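One structure is given here, and the rest of the page talks about it.
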Ligand code: ADP
Ligand code: ASP
Ligand code: MG
């Protein structure tokens with residue numbers, strides 16, 4: 001008998017038939033005698049629809065209320081999934097994140113899990129239930145409902161697998177596993193049999209939304225080995241685990257395109273100490289994560305421009321923060337560009353191979369794609385390109401490095 005944590009994403013629970021399909025899969029494991037904890041997302045489109053609804057009331061809703069609203073998406077699916085199991089004769093009980101003992105900090109809309117006390121989950125399992133837990137949500141110590149950032153059901157599943165010391169953690173989605181790039185953009189992308197935490201971290205951080213970034217960080221930290229696989233077939237998926245020596249033979253494991261970034265440029269910043277600190281401290285205080293940063297050379301003038309990128313949903317908030325600094329900082333103006341995309345290549349093999357950046361830039365040059373910003377890590381190279389050219393650039397780079 002094994003204890004298994006399974007997570008089903010939005011498409012996998014997207015309509016009543018899909019929910020019944022999930023129940024069938026869970027029932028098979030249950031029949032084998034396994035204990036199963038199921039984490040579900042909101043039905044596909046529901047979280048987006050709730051966000052849209054809120055924005056029709058006000059453009060920047062209080063984040064506490066946003067969490068209250070968004071958490072209802074997953075609450076629908078836990079109940080429906082439990083019903084589908086009961087309908088097929090399998091005992092099931094649903095729990096919200098709070099009921100499952102998931103405690104978070106108070107950073108609404110991107111809360112971090114602080115602690116999981118899974119006594120109730122254990123008790124329900126021991127009483128013979130499949131336990132269905134609402135993904136993406138938790139509760140602060142003082143009882144406020146929080147959410148864990150977009151795609152956060154992945155984190156719920158990984159964290160529960162760690163807390164319950166599960167024997168198996170399976171992430172069911174609408175593709176067969178982790179591919180060399182988004183199979184929706186490149187039709188001949190290849191499924192990977194395995195990938196290291198570090199590579200998937202960089203891919204997820206580069207916009208490959210197949211797994212939420214923070215869920216992979218958590219898995220690495222707590223050594224949770226997991227499999228990404230499809231809820232719609234029985235194909236073997238991708239195993240995500242610590243790096244092994246043979247993984248280094250491949251230079252570029254994957255390519256990612258992130259269309260969810262926006263660029264802000266603070267133009268005419270007085271070139272003196274403390275300016276960058278002021279800007280980025282203020283953004284950090286507002287819990288906005290900044291990705292790429294470029295400061296241009298100030299050509300003898302006493303001014304400089306600082307450009308940086310943030311996730312699109314944070315753009316309005318970031319704009320407000322920077323506008324609030326205008327008097328103090330003395331910068332000239334703030335400009336915003338939403339029509340950008342970030343293209344990245346990732347592979348642990350880059351540590352031991354040279355010329356990778358040159359080949360990427362050459363490929364883009366030949367495709368006539370202009371590079372706006374560049375950043376690198378030991379195992380990743382990212383560039384900012386025009387949004388309209390993003391997919392074409394992804395295909396060119398995938399072809400040059402993978403197939
Ligand atoms: P879920 O709702 O199950 O959480 P998501 O939509 O969040 O699913 O993530 C799955 C999607 O991620 C796929 O449909 C695919 O389009 C996209 N994706 C992006 N990059 C990759 C990749 N490298 N491998 C697999 N899927 C990817
Ligand atoms: N429903 C949430 C979202 O759409 C969480 C998730 O799907 O993992 O982001
Ligand atoms: Mg997801």
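Cβ-Cβ contacts under 6 Å between residues 6 or more apart (or on different chains), taken from a first residue in the stretch 31-45 that is on the phi > 0 side of the Ramachandran plot to a second residue that is surrounded by fewer than 16 Cβ atoms within 10 Å (Cβ to Cβ), are listed as 33/1.
Please specify each residue of the stretch 176-187 satisfying the condition of being in contact with a helix residue (DSSP H, G or I) (Cβ under 8 Å, 6 or more places away or on another chain) and away from ligand 3 (no atom under 16 Å from the Cβ). Result: 180, 181, 185, 186. Residues in the stretch 74-95 that are within 14 Å of ligand 2 (Cβ to nearest atom), free of Cβ contacts under 8 Å to residues at least 60 places away in the same chain and either assigned to a loop (DSSP other than H, G, I, E, B) or buried (at least 20 other Cβ atoms within 10 Å of the Cβ) (or both): 78 alone. Per the conditions (1) away from ligand 2 (no atom under 16 Å from the Cβ); (2) in contact with a strand residue (DSSP E or B) (Cβ under 9 Å, 6 or more places away or on another chain); (3) over 24 Å from residue 350 (Cα atoms), the sole criterion not satisfied by residue 203 is (3).
For the structure I just gave you, tell me whether residue 162 is over 15 Å from the mean Cα position of the chain (by Cα), part of a helix (DSSP H, G or I) and either within 13 Å of ligand 3 (Cβ to nearest atom) or within 30 Å of residue 72 (Cβ to Cβ) (or both). It is true that residue 162 is over 15 Å from the mean Cα position of the chain (by Cα), part of a helix (DSSP H, G or I) and either within 13 Å of ligand 3 (Cβ to nearest atom) or within 30 Å of residue 72 (Cβ to Cβ) (or both). Against the numbered list (1) assigned to a helix (DSSP H, G or I); (2) closer than 16 Å to residue 132 by Cα; (3) in contact (Cβ under 8 Å) with a residue 12 or more places away in the chain, residue 28 comes up short only at (3). Of the residues making up the stretch 175-194, those that are more than 17 Å from residue 235 (Cβ to Cβ) and within 7 Å of ligand 1 (Cβ to nearest atom) are 181, 182, 184.
No value in this document is a laboratory result; all are computed from the given coordinates. Keep in mind it's a predicted model, so treat the numbers as computed, not measured. Using ideal geometry, Cβ is built from the backbone for each residue, glycine included, and neighbour counts are taken over all protein chains shown.
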